[in-house]
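Okay, so here's the structure we're looking at.
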Amino acid sequence: MKKIAKSIYQRYSQLSLQNKFVVLYVMLFMIPVIIIVFFYSNAFYKNAVKDSKEQNEYLMEMEKIHIEKNIETMRESAQMIASDDHIIDFISNRNERTVSELIEFQREHITKMVNVQTVNPSINHFRLFMDNESMYEMWPILYKESRIVATPWYSEVMNLDGKELWWLKHDDIDLLSNIKEERPKISLYRRINDLYGNHLGIIEISMLQSNFFPRMFSPISDGMSEMIVINNDEEIYTNPANNFLQDEKFSSEDYRIILDKLTDEEETDSFLLTNRHIPYLVVATYVKDIDVHMVNVISLQDIYMETKKARNVTLITAMVILFILSVLTYVIISLLLKKLYRLIDNMKQVEKGDFSTEINTDGHDEIAILAFHFKRMLSKINTLIADAVYKQAVTKDTELKALKTQIDSHFLYNTLENIKMMAEIEGKYEISDSITSLGEMMRYNIKWKNEYVVLSEEIAHIKNYVDIMNLRLNRPLSLVVDIPDQLRDQEILKLSLQPIIENAIKHGIEPNSMKDEESTIHVKAYLQHQTVIIEVTDNGVGMDTQQLYTLNRKINGLSNDQSTSEDGIGLRNVHERIALFYGKGYGISVKSVKNEYTSVMIRLPYLIIRGASRDA
């Protein structure tokens, strides 16, 4: 992504100023237009989907009401048979009946049930399967139970012991002709017993699915949706006349997605589904009484295409308008930049060496101001050319002075080396060591190639400093260094520790000369959460709370003290250098206890200089 952005920026940078303005104008116009068009088209699409969702959820609720009415009708029909004492008494009597009794039963009761079926034309048939082999079948109502023993639902009905069982069928067998009927049905089965709990038979009330699910089997189809029924065994029942989902090439994976989202909540719910980049709205509800899910799958392709078409028309219109405006902008900018192009031609003449070219400075706009300053620059260049010889002479003189300084430094080092050798010859080893320390300090101070050194080099420098200071102190000063090997190459600003050591000697060690204990400065370094802590602690006179508070405020630049006292100046300079180079989170702080110690803590980022030259 960064490479692409860099490439685009480079190409944009190579354009002329006129083309840059045009490109910028196009971008400033098109980007908001595209964002607004996509925003409103997306909002339009969402509102259209929302309206479709509300409409189809309402239709699903209406379908559910029809289904519940059909359930109640079938239940009432089954209850009418189960509560008819004459029918129960007749089929429970296992004695052989006379012909007159059979004729009377058929005339009085079988005809009555046939009439009930006639009054309810949505019911396909009433059936009562008797568990009485001595009884004769009376079509189309009474049948022997032996006819249904082999059906898949028989054992379930028997196990329910009087509770109803709802069963969806893709087809059914006509008991009279024994011919398979290719008409989907839904049946209510209920086992009936006598007053003593003896099994008498099974009631079957069947209704064609086209009557039970009226909207699912509606002959009027929009060709953009299909309603299906899914039972608790995940079997799917459809209207054979509606092949919408088949035409849309819904796969088993798509059906699995729908099944996984179905719940047993009786509230109608909906969700979106995408199949082959086509969006669909799925509206589903659970019919608890018959333990099935009603699912309606509606294609949103028309809404999506309508939204896409409106969006594309808007974008094309905007692009045509933008093209016309871009041409006008290009012409207008050409007129505005005419003086700039003339100034560019003058600059090219100057580039070729013609410093006498005439610069037109008419006008008061930005280009005229630029031309005016360019003209002044040409005048300045002519002046600079006249001064060039003089500057070259001054430069050579400066080089000679620098060479002399270098010679003086080498002369000083050589002189100190001679004095050192004379002291060693005379056996004055203490003087020899001091001169060695002084020479190394001078070399360290003078060779300033950059601001940073490694911690081990800074420690070596302060050791030399302490060695020299021991010449003038009343008693020896011990320098204890405790630095782990992993921090010896830690980066530190050059000459950061010497002002702290100098401050410790001047304000802590020297005023403490009356103490009997040995004077010591302890330098310790350790790593704490990617931060290097360097503590410089002396066992000098220390400070009281007020002095410590004032000093820390002065170090952090918070003190309003306008006195000329130099107390804390060196520490403040070190703190400001560290904060400048490493950030405000780093620097120094002081803690102290009166007549015990003073400790200066330096906080630095953990930066190891690996393989760096030790030449400061």
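The values are calculated or read from the model by the stated rules, or taken from the named source; none is laboratory data. As the structure is a prediction and not an experimental result, all values here were calculated from the model. Note that each Cβ is placed from the backbone with ideal geometry, even for glycine, and that neighbours are counted across all protein chains shown. Please note that ligands, DNA and RNA were not included when accessible areas were found on the heavy atoms of the full protein model with its side chains. Shrake-Rupley method; radii C 1.70, N 1.55, O 1.52, S 1.80 Å.
Looking at this model, which pairs from Lys163/Lys288; Lys50/Lys288; Lys46/Lys308; Lys524/Lys591; Lys554/Lys591; Lys64/Lys185 are more than 20 angstrom apart at the alpha-carbon? Before the final figure, lay out the partial values.
Values: Lys163/Lys288 15 Å; Lys50/Lys288 27 Å; Lys46/Lys308 13 Å; Lys524/Lys591 15 Å; Lys554/Lys591 14 Å; Lys64/Lys185 17 Å.
Check vs 20 Å cut-off fails for Lys50/Lys288.
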Practice task
Would you mind giving the three semi-axes, in whole Å and largest first, of the ellipsoid equivalent to segment 61-115 according to its Cα gyration tensor?
Solution key: 33, 12, 6
Fill in the blank from the handout: Rounded to 0.05, the calculated FRET efficiency for the beta carbons of Lys249 and Asp289 at R₀ = 45 Å is 0.85
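Rounded to the nearest 0.05, what FRET efficiency is calculated for Tyr58 and Thr357 with R0 set to 56 Å and r the Cβ-Cβ distance?
Details: r = 83 Å, r/R0 = 1.48.
Efficiency, from the Cβ-Cβ distance: 0.10.
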Problem - Cβ-defined net charge surrounding Val593, 13 Å radius [Lys, Arg +1; Asp, Glu -1] - result: -1
Practice task
Would you mind checking segment 128-157 for residues with the amide N under 11 Å from a putative spin-label position 7 Å along Cα→C-beta of Leu175?
Solution key: 128-131, 137-149
Practice task
Tell me what the chain gives for mean residue ellipticity at 222 nm when only DSSP H runs of n ≥ 4 count, each as -39,500 (n - 2.57), the sum divided by the residue total, rounded to 500 deg cm²/dmol.
Solution key: -16500 deg cm²/dmol
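For the chain, which whole-number percentage of the solvent-accessible area (1.4 Å probe, protein heavy atoms only) is attributable to carbon and sulfur atoms? Intermediate results must be reported in sequence, preceding the final value.
Working: 20510 of 37040 Å².
Looking at the chain in its full context, I get 55 percent from C and S.
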Exercise for the section: With an 8 Å cut-off on Cα pairs and a minimum separation of 6 or more residues, tell me the relative contact order of segment 49-187 in percent. Expected result: 12 percent
Fill in the blank from the handout: To the nearest Å², the heavy-atom accessible area per residue of the chain with 1.4 Å probe amounts to 60 Å²
Exercise for the section: Compute the distance in nm between two label points, each set 7 Å from the Cα along the Cα-to-Cβ direction, one at Glu265 and one at Arg472. Expected result: 8.8 nm
Exercise for the section: Could you sort 519-527, 94-102 so that the peptide with the highest average Cβ count within 10 Å comes first and the rest follow in order? Expected result: 519-527, 94-102
Problem - Part-to-part distance (alpha-carbon centres) for segment 331-386 and segment 128-193, which is given in Å - result: 106 Å
Fill in the blank from the handout: Using alpha-carbon coordinates alone, the radius of gyration and Dmax of segment 274-371 in Å work out to 32.5, 103
Exercise for the section: Identify which of the listed values of semi-axes √(5λ) of the Cα gyration tensor in Å was calculated from the structure shown: (1) 85, 34, 19; (2) 104, 46, 19; (3) 37, 30, 26. Expected result: (2)
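Using a 1.4 Å probe and counting only protein heavy atoms, arrange Lys3, Lys339, Lys180 so the residue with the most accessible area comes first. The partial results should precede the final answer.
Numbers: Lys3 175, Lys339 65, Lys180 110 Å².
Largest to smallest exposure gives the sequence Lys3, Lys180, Lys339.
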Handout entry: Inter-probe distance in nm under a simple model that places probes 7 Å from Cα toward Cβ, at Asn312 and His373
Key = 5.2 nm
Problem - FRET efficiency estimate (nearest 0.05) - Cβ-Cβ, Lys380 to Lys591, R0 51 angstrom - result: 0.30
